[in-house]
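Have a look at the structure below before the remarks.
The values are calculated or read from the model by the stated rules, or taken from the named source; none is laboratory data. This structure is a prediction, so every number in the text was calculated from the model and none was measured. Ideal geometry is used to build each Cβ from the backbone, glycine not excepted, and the neighbour counts take in all protein chains shown. Calculation scope for accessible area: heavy atoms of the full protein, side chains included, ligands and nucleic acids excluded. Shrake-Rupley method; radii C 1.70, N 1.55, O 1.52, S 1.80 Å.
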Amino acid sequence: TAYELRLDHAAVAKALEELIADDDPPPRHALLEIARHYEAAREPLDAARELVDVAESTFTEGAYREAAGHAAHAVDLLHEALEKPRAQTPDTQRLLARALLYLILGGETGWRAEASNSDGATVLALADEAVRAADATGDATLRANARYATGLVFTAYRSLDDAVVAFEEALAIAREAGDKVDEFAILLRLGHQLDSVDLKRGRDTLEEAHELLKGGALAEHIDASR
């Protein structure tokens, strides 16, 4: 029966999870298989969790288009899961925020290419949803990253002033959280954007990023070659 098939798919997914439990990192193809079985078992939240991990893995390797594809699938599954009240938890919102960020950042080349003949309504809505999901978690790093992503979107579809405001909000949150890597990345982007408005402000902002490097604040996170 259909019910028995769903139970079988769930059992296979759990068996595969046990099989790779000690693998670090877990094989990507195994994660995709687990996601497929969970989706067939009508467990969209569990399927999305695996797909977000795959999106993170591919994004880290620079396979941005692939990351965006897996993230988009995860977002669809999370929207389905969130139709049920029991799924409406901070952990689900955290997963949604991560999926949205990989979708926006991984797909940047694509949506920027469409900026000349599109109003950007879809990607602007994604950015807004990412901010709301991140804020629901209370996670400062996610909140900063969501505003950073929003700043990128605003540079393509809104005004430079709007983008600068978003980057400045991201910077303030990253500093409150003590996240030096985020602070550095945001300062770089903000500095280059400010160069188009006020060269002195842009230069001073980039100097702040340089001071983080010189002062060793990133030593634990970024090696000499990076």
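Of note, H70 satisfies the criterion of being under 22 Å from A35 (Cα atoms), of a type outside the set (A, V, I, L, M, F, W, C) and crowded, with 24+ Cβ neighbours inside 10 Å. Tell me, yes or no, whether the stretch 15-26 has at least one residue that is under 22 Å from the mean Cα position of the chain (by Cα) and in contact (Cβ under 8 Å) with a residue 12 or more places away in the chain. Within the stretch 15-26, one or more residues are under 22 Å from the mean Cα position of the chain (by Cα) and in contact (Cβ under 8 Å) with a residue 12 or more places away in the chain. Restricting the first member to the stretch 187-213 and to residues that are open to solvent by less than 60 Å² (accessible area, probe 1.4 Å), and the second to residues that are modelled with pLDDT of 95 or more and among the acidic types (D, E), the beta-carbon pairs closer than 9 Å and six or more apart or on different chains are L187/E208; L190/E168; G191/D204; G191/E207; G191/E208; L194/D204; A209/E183; L212/E183. Hey, any hits in the stretch 107-122 for a residue that's outside any helix (DSSP H, G or I), of a type outside the set (D, E, K, R), modelled with pLDDT under 95 and open to solvent by less than 10 Å² (accessible area, probe 1.4 Å)? Yes: the stretch 107-122 contains one or more residues that are outside any helix (DSSP H, G or I), of a type outside the set (D, E, K, R), modelled with pLDDT under 95 and open to solvent by less than 10 Å² (accessible area, probe 1.4 Å).
Evaluate the stretch 43-50: report whether one residue or more is closer than 25 Å to L105 by Cα and either touching a Gly at 6+ places or on another chain (Cβ under 9 Å) or modelled with pLDDT under 95 (or both). No, because not a single residue in the stretch 43-50 is closer than 25 Å to L105 by Cα and either touching a Gly at 6+ places or on another chain (Cβ under 9 Å) or modelled with pLDDT under 95 (or both). When A125, A97, A87 are checked against the criterion of being under 18 Å from A163 (Cβ atoms) and of a type in the set (G, A, S), A125 stands alone in meeting it. The residue of the stretch 50-67 that is farthest from L16 (Cα to Cα), among those that are within 14 Å of the chain's Cα centre (by Cα), open to solvent by less than 30 Å² (accessible area, probe 1.4 Å) and of a type outside the set (G, A, S), is T58. Scan the stretch 113-170 for residues that are within 13 Å of R189 (Cβ to Cβ), touching a residue at least 24 places away in the same chain (Cβ under 8 Å) and among the β-branched types (V, I, T) and the total you get is 3.
Only one entry in A146, A136 is among the small types (G, A, S) and either open to solvent by 50 Å² or more (accessible area, probe 1.4 Å) or in a loop (DSSP other than H, G, I, E, B) (or both), namely A136.
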